[in-house]
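Here's the structure, in structure tokens; my notes come after.
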Amino acid sequence: QLEDALLVFNSNWEDVINWACQYFETHVKPEYWTVNMLLYACDHTKVEVQHFGRKMITQHFSEDKGLPLLLKLQEHPTKTMQFFVTNYLDNYAKGNTAVILKLEAFFKTSLFNINTNRVTKTRIYKFLEEASVKDKTVAEMTVRLVNSILGTNTMLDNSNNIDLLLTITEHYPDIDVPLLIKQN
């Protein structure tokens, strides 16, 4: 019945929400927090409940919840959650082509944030560069991503995109990238 108890967060009274956050944090053991319950808190419309959800994920995180949380939270539209998701890329996506490919929409959404979310973008560019040089399929997905956002971002993002495409070209010369590279 713990899932039903989370409905207390739908209250319009701030003191009830604060009490609920405190209660769930101190009285509910980690093994009782399911992925769905953590997602409920993270997906809540109230920012303070989302913050509580992220805190519970951090406190009650376990290996078996990691990948399902990553795959679900990557769909969250807020910039705060996008940044939070980047904390789990190395642990649950690195070296796993199938998972990386499932995160394509997350990468695209995050990189489309113009002039915002700089740390999130930096983490994603670094992750994509490392993953692209290790796997051609990831490199091809990365080229698709960069190609779709190339004309929309700031100069700094264009620089990151060009650097990423050049790295991919060095490792996979047969992948067609949207750059004209002149040799002297």
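The values are calculated or read from the model by the stated rules, or taken from the named source; none is laboratory data. Since the structure is predicted, the reported quantities are computational estimates derived from the model, not experimental observations. Here the Cβ is made from the backbone with ideal geometry for all residues, glycine too, and neighbour counts use every protein chain on show. All accessible areas refer to the heavy atoms of the entire protein, side chains included, with ligands and DNA or RNA removed. Shrake-Rupley method; radii C 1.70, N 1.55, O 1.52, S 1.80 Å.
Search the stretch 1-13 for residues that are among the aromatic types (Phe, Trp, Tyr) and pair each with any residue that is assigned to a loop (DSSP other than H, G, I, E, B) when their beta-carbon atoms are under 7 Å apart and the residues are at least 6 apart or on different chains.
These pairs meet every condition: 9/44; 9/46.
Quick check: is even one residue across the stretch 92-108 in contact (Cβ under 8 Å) with a residue 24 or more places away in the chain, over 18 Å from residue 177 (Cβ atoms), among the polar types (S, T, N, Q) and touching a helix residue (DSSP H, G or I) at 6+ places or on another chain (Cβ under 7 Å)?
Yes.
Count, please, the residues in the stretch 101-126 that happen to be over 18 Å from residue 168 (Cβ atoms), in a helix (DSSP H, G or I) and open to solvent by less than 50 Å² (accessible area, probe 1.4 Å).
Qualifying residue count, the stretch 101-126: 3.
Regarding residue 95, is this residue at positive phi and out of contact with any Gly (no Cβ under 7 Å at 6 or more places or on another chain)? Steps first, answer last, please.
Details: at positive phi: yes; out of contact with any Gly (no Cβ under 7 Å at 6 or more places or on another chain): yes.
Yes; evaluated as a whole, the condition is true for this residue.
Would you check which residues across the stretch 1-25 are of a type in the set (A, V, I, L, M) and open to solvent by 90 Å² or more (accessible area, probe 1.4 Å) and list them?
7
Can you say whether residue 150 is surrounded by 15 or more Cβ atoms within 10 Å (Cβ to Cβ) and within 13 Å of the chain's Cα centre (by Cα), as far as the supplied structure shows? Show your work before the answer.
Values: surrounded by 15 or more Cβ atoms within 10 Å (Cβ to Cβ): yes; within 13 Å of the chain's Cα centre (by Cα): no.
No, not satisfied.
Residue-by-condition table, conditions (1) closer than 18 Å to residue 87 by Cβ; (2) in a helix (DSSP H, G or I):
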site	(1), (2)
5	no, yes
25	no, yes
37	no, yes
44	no, no
49	no, yes
68	yes, yes
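For the stretch 26-79, how many residues meet the condition of being of a type in the set (Lys, Arg) and surrounded by fewer than 16 Cβ atoms within 10 Å (Cβ to Cβ)?
4
Under 7 Å by Cβ, and 6 or more places apart or on different chains, what pairs join a residue from the stretch 37-51 that is farther than 17 Å from residue 15 by Cα with one that is surrounded by fewer than 18 Cβ atoms within 10 Å (Cβ to Cβ) and among the small types (Gly, Ala, Ser)?
Every condition considered, no pair remains.
Which one of these is within 19 Å of residue 125 (Cα to Cα) and β-branched (Val, Ile, Thr): 47, 8, 16, 85?
Sole residue among the options that is within 19 Å of residue 125 (Cα to Cα) and β-branched (Val, Ile, Thr): 85.
Within the stretch 135-173, can you find the residues that are in a loop (DSSP other than H, G, I, E, B), in contact with a helix residue (DSSP H, G or I) (Cβ under 9 Å, 6 or more places away or on another chain) and at pLDDT 80 or above?
Of everything in the stretch 135-173, those that are in a loop (DSSP other than H, G, I, E, B), in contact with a helix residue (DSSP H, G or I) (Cβ under 9 Å, 6 or more places away or on another chain) and at pLDDT 80 or above turn out to be 135, 172.
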